[in-house]
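Beneath this line is the structure, given in structure tokens, with notes to follow.
The values are calculated or read from the model by the stated rules, or taken from the named source; none is laboratory data. Here the structure is a predicted model, which means the values were calculated and not measured. Here Cβ is always computed from backbone atoms with ideal geometry, including for glycine, and neighbour counts include all displayed protein chains.
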Amino acid sequence: MEAIKRVSGRAVVIPGDEIDTDRIIPARYLKAITFDGLGEALFYDERYDENGNPREHPLNRPERQGASIMVVGAGFGSGSSREHAPQAIKRAGFKAVIGESFAEIFFGNATQIGLVCVTLEPEDLGVLTEWVEAHPEGEVEVDLEAGEVRFGGRVAPLGIREAARQALVSGRWDPLSELLEAMDKVREMDERLPAPGRGGYGRMR
């Protein structure tokens, strides 16, 4: 797995607090068998009308195309616990989300796919928001090793759960990949288990 120590790029502000997963990815897209193509559905009902015509939305603005960092408010990712929400954000090309706070399940789902979510104090977040709005071509850097967000010559301390930070910077953020890497140990443990019918659960096939 890739170690994620720093993320940088142009940013876009999605204003508002308590933006829930129903807004991030409409429920009808949850029927997809895979996550492929979910990036196109990101904030779809807010970005397009019933005829598919673009609305006024930050993600539709020409100067924000190619942004890879999303700046949000408090309680981002609240509501129903759908892993499609962070998947849609990542598949739309975003590498990090900076906000005041995140819903617990959203944060966990995001970390497990390598989507960096960090917090800033309200005052710092306000300064960042104003700067991003005024500098569409400006670059924002999230440095997980230094614990800083840097932009426009400013430095702000970021917040992130230490276990999540360690998982990202060490490249251990995907539990499935980690399990597959340890498959030899898994099989070794399986051999130690009692055979079926002798109080065990049965061995791997």
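Look at residue 67 and say whether it is touching a strand residue (DSSP E or B) at 6+ places or on another chain (Cβ under 6 Å), in a loop (DSSP other than H, G, I, E, B) and either of a type outside the set (S, T, N, Q) or surrounded by fewer than 21 Cβ atoms within 10 Å (Cβ to Cβ) (or both). For residue 67, the condition - touching a strand residue (DSSP E or B) at 6+ places or on another chain (Cβ under 6 Å), in a loop (DSSP other than H, G, I, E, B) and either of a type outside the set (S, T, N, Q) or surrounded by fewer than 21 Cβ atoms within 10 Å (Cβ to Cβ) (or both) - is met. When residues in region 46-64 are screened for being more than 30 Å from residue 149 (Cα to Cα) and either surrounded by 17 or more Cβ atoms within 10 Å (Cβ to Cβ) or out of contact with any Phe, Trp or Tyr (no Cβ under 9 Å at 6 or more places or on another chain) (or both), 6 of them pass. Just to check your reading of the model, which residue among 54, 26 is modelled with pLDDT of 95 or more and touching a helix residue (DSSP H, G or I) at 6+ places or on another chain (Cβ under 6 Å)? When all the criteria are applied, what remains is 54.
Per the conditions (1) closer than 24 Å to residue 102 by Cβ; (2) assigned to a helix (DSSP H, G or I); (3) out of contact with any Ser or Thr (no Cβ under 7 Å at 6 or more places or on another chain), the sole criterion not satisfied by residue 2 is (2). All told, residue 104 meets the bar of being under 17 Å from residue 22 (Cα atoms) and either under 13 Å from the mean Cα position of the chain (by Cα) or of a type in the set (A, V, I, L, M) (or both). Residue check: is residue 43 among the aromatic types (Phe, Trp, Tyr) and either surrounded by fewer than 20 Cβ atoms within 10 Å (Cβ to Cβ) or on the phi < 0 side of the Ramachandran plot (or both)? No.
When residue 40 is tested against (1) free of Cβ contacts under 8 Å to residues at least 24 places away in the same chain; (2) more than 20 Å from residue 161 (Cα to Cα), just one condition goes unmet, and that condition is (1). Applying the condition of being closer than 12 Å to residue 11 by Cα and of a type in the set (Val, Ile, Thr) to region 121-148 and asking which residue is surrounded by the fewest Cβ atoms within 10 Å (Cβ to Cβ) yields 129.
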